[in-house]
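The values are calculated or read from the model by the stated rules, or taken from the named source; none is laboratory data. Since the model is a prediction, treat every value here as computed from it, not as a measurement. To get the accessible areas, we keep the full protein, side chains included, count just its heavy atoms, and leave off ligands, DNA and RNA. Shrake-Rupley method; radii C 1.70, N 1.55, O 1.52, S 1.80 Å.
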Amino acid sequence: MIPAGPGPQDADPAYLAACRDAGLLVDTGAGHCVLGATQDPLSGRAYCLVEYAHPAPVTTEAAEALRRYATAVHPHTGGVLLRTGPGVRLGVPWTPHLTYLRHDPPTEADGSGGDAVSDVVIRAAGPEHQGRIRAWLADAFEAGAAQQNAPVRRGDAEVQADAVMAAPGRSSLVAVAGGAPAGHATLLPFTDEVTGTDYLELFDTLVAEPFDVRAVTARLVEASLARAARAGVPLLGNVVHGGATGTTEHGSRIVASLHGRGWRTEHVYWHAPNPTDTART
């Protein structure tokens, strides 16, 4: 996964020092940025990732200047991924790729609230639930790849699911109805290397039909918030946009809906094609 965190103006000095030592912090002539080639582990697509820039890009003109620099350094990638702070709106050719959001749990969060859902109980996942959770995670990887117009084989999605299942500190909650798992929320401890901020990441949540998807999902999120509260960290989530397909409206609607439920954007990754290699986008 792409690293997450607040806007680039909040970069941890230790991160900048490490990037400087690795030769990744470069002078663009108009400022400094951290950039390097990266590859999506699921789709295999290569990008030039601009993780940090100073001054921070807040206009399309500034983003385009960084794109020209990045594609000159890495001309054979499938485009540029640029991290910006919240509130930045970029125009063509940029489209939102991933939006990361945080929710600060209330002090007294206990996961017991939310809409009543008959016969549904939220509990910590047991050994008997792990196979179903693995399958749901593979479903999520397949769906996310398809949304990015980069379909993957089921076996590759399952490899990524296995990596999540084996991640240190991974935990999962399940919604149980009639003794059967109806959905899950899988959580990972996460420290953003750019900012040094600690989170509990809501890596994936899914509720199967015919259950009340909206209500059961809300219960799973509340229980996740309770765990974040006990850990003393914010809950982190992300929305995948369909930037590669040219259809970003659905993701934007999800972000707007989350804003109405107490989430706030931490930062956004934007994508723009490499003008010298547009066939790869």
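Among Ile122, Ile254, Ile133, the residue with the largest mean-square fluctuation in a Gaussian network model of the chain, with springs joining Cα atoms closer than 10 Å, is Ile254. The Rg/Rh ratio for region 42-163 is 1.09, where Rg is the radius of gyration of the alpha carbons and Rh is the Kirkwood radius. Computed over region 32-85, the percent of Cα pairs more than 20 Å apart is 19.
Divided by 2.2 N^0.38 Å, where N counts the residues, the Cα radius of gyration of region 84-226 comes to 1.14.
On the accessible surface of region 142-281, probed at 1.4 Å, how many percent belong to carbon and sulfur atoms? About 53 percent, which is the carbon plus sulfur part of the accessible surface. Each 10 Å bin from zero holds the following percent of Cα-Cα pairs in region 6-47: 24, 43, 30, 3.
Comparing Gly237, Gly262, Gly178 in a Gaussian network model of the chain where C-alpha atoms under 10 Å apart are linked, the largest mean-square fluctuation is found at Gly178.
Helical runs (DSSP H, four residues minimum) scored at -39500 (n - 2.57) apiece and divided by the length of the chain put the mean residue ellipticity at 222 nm at -9500 deg cm²/dmol. For the chain, the antiparallel share of DSSP beta bridges with both residues in that region comes to about 90%.
Ranked by solvent-accessible area (1.4 Å probe, protein heavy atoms only, all chains present), the residues Arg123, Arg20 order from largest to smallest as Arg20, Arg123.
Computed with a 1.4 Å probe over protein heavy atoms only, the accessible surface of the chain comes to 46 Å² per residue. Once the Cα atoms are used to define both axes, helix 249-259 deviates from the longest principal axis of the chain by about 60 degrees.
Using only Cα positions of region 171-277, each an equal point scatterer, no hydration layer, compute I(q)/I(0) via Debye at q = 0.12, 0.13, 0.16, 0.17 Å⁻¹ and quote the log10 values to two decimals. So the normalised log intensities are -0.51, -0.59, -0.85, -0.93. Hey, what angle do you get for helix 213-231 against the long axis of the chain, alpha-carbon based, 0 to 90 degrees rounded to 10? The answer is roughly 80 degrees. Using only the C-alpha atoms, the convex hull of the chain corresponds to 131 Å³ per residue. When every Cα-Cα distance of region 138-206 is counted in 10 angstrom steps from zero, the calculated P(r) takes the values 18, 39, 36, 6, 1 percent.
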